[in-house]
Each structure stands twice: as structure tokens, then as C-alpha cells.
Amino acid sequence: MGAYGMFRYSSKAARPLSYNMSASPPIPPDIARMTAPLLLGNLWNWALYGVLVVQIYVYSYNFPNDKKLLKLLVYAIFLLETLQTSLSGADLYYWFASGYGDLKHLATPYASSFDIPIIGAVVSLAVQFFFVYRIWVLGKKKCLWLCLIICLLHSPVAFIPLFIVGSRVVTY
């Protein structure tokens with residue numbers, strides 16, 4: 001039975017009805033090269049989400065008198081990051097739990113073609129515009145051209161390729 005024999009199927013009768021050995025290609029010997037980045041990237045995303053939760057708590061505790069618009073921006077970005085992290089967890093479940101052993105699941109994106117390029121671009125755009133606003137305010141509203149140049153050059157260069165790549169992703 002081997003070291004892990006108690007976790008293997010012992011007979012064909014114990015396999016689920018939908019199990020078909022010929023439906024999926026054999027698992028390659030270098031499967032870790034394909035799965036490790038997906039798994040470790042998602043775990044790192046969840047760890048950074050924990051840091052974000054602590055930052056939101058510290059912000060709401062230490063700055064209760066901030067302007068309503070600034071609070072709305074902070075909590076909206078937090079909500080978008082929560083959505084992105086949840087969709088990342090759904091990807092992880094799709095690839096490694098519901099599709100365990102099926103390479104077709106690893107080869108197809110589930111929600112990652114939406115959550116990474118689109119939500120990431122929206123969050124980055126909001127944060128960049130906030131930074132440009134702060135530069136404008138701290139520059140005593142004298143550097144309007146610099147702020148406009150930052151907005152006009154950085155945003156399309158950074159986000160249009162993300163939308164194009166995200167809409168064309170079919171397989172990894």
C-alpha cells in the first residue's frame with residue numbers, strides 16, 4: 001500500500017462515478033513548475049490581504065475625522081481588494097480542489113482573467129489619481145501640468161495592456 005496508500009483509491013468501485021482516467025492527460029513529472037507559482041502567488045496574496053486588513057483597522061482607529069470622500073476612497077479600495085482576494089481564492093479552489101489531478105483545470109483560467117487585470121487596474125488607477133491629487137495639494141496647486149502629465153502618460157501606458165491581456169487570456 002505504500003506510505004500514502006490509505007489516501008489512494010483502492011479499487012475502481014471506490015472512485016467517483018464521474019472519474020475517467022482517459023479524460024485527463026497524465027500528470028507530468030515537472031508539475032511543480034506549473035502549480036507552485038499559482039499556489040505561492042495566491043498564498044502571498046492572502047498574506048498581503050491580512051496586512052491590508054490591519055492597515056484598514058489602524059486607519060479607521062487613528063483617523064476617524066478624515067473627510068468623507070477620503071474614507072469612501074479607502075473603503076472602496078478595500079472592498080475591491082476583498083473582491084479580488086475572494087476571486088483569487090475561487091481560482092485556487094478551482095485549480096487545486098475541484099480540479100485535483102485534472103490538468104485541464106490548470107490550463108484554463110477561472111476568474112483570474114477578470115480579477116487580476118481589471119480589478120488590479122481599477123485599484124491602481126484610483127491610487128495613482130489619489131497620489132496625483134496629493135502632489136497637486138502639497139505643491140500648493142501650482143503644478144497642475146505635472147499632475148496632468150502623470151495622469152495622461154501613466155494611466156494608458158500601464159492599464160490598456162492589462163485590459164487587452166486580460167480579455168485574451170484563454171490558457172496559461
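The values are calculated or read from the model by the stated rules, or taken from the named source; none is laboratory data. Everything numeric in this text was worked out from a predicted model, so none of it was measured. With ligands, DNA and RNA removed, areas are computed over all heavy atoms of the protein, side chains included. Shrake-Rupley method; radii C 1.70, N 1.55, O 1.52, S 1.80 Å.
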Accessible area of the range 59-158 with a 1.4 Å probe: how many percent of it is carbon plus sulfur? 73 percent
Given a 1.4 Å probe, the accessible area of the range 85-152 per residue, as a whole number of Å², is 59 Å²
Assuming 0.36 nm per residue, please report the length gained on full extension of the stretch Arg134 to Ala47 beyond their Cα-Cα distance. 28.5 nm
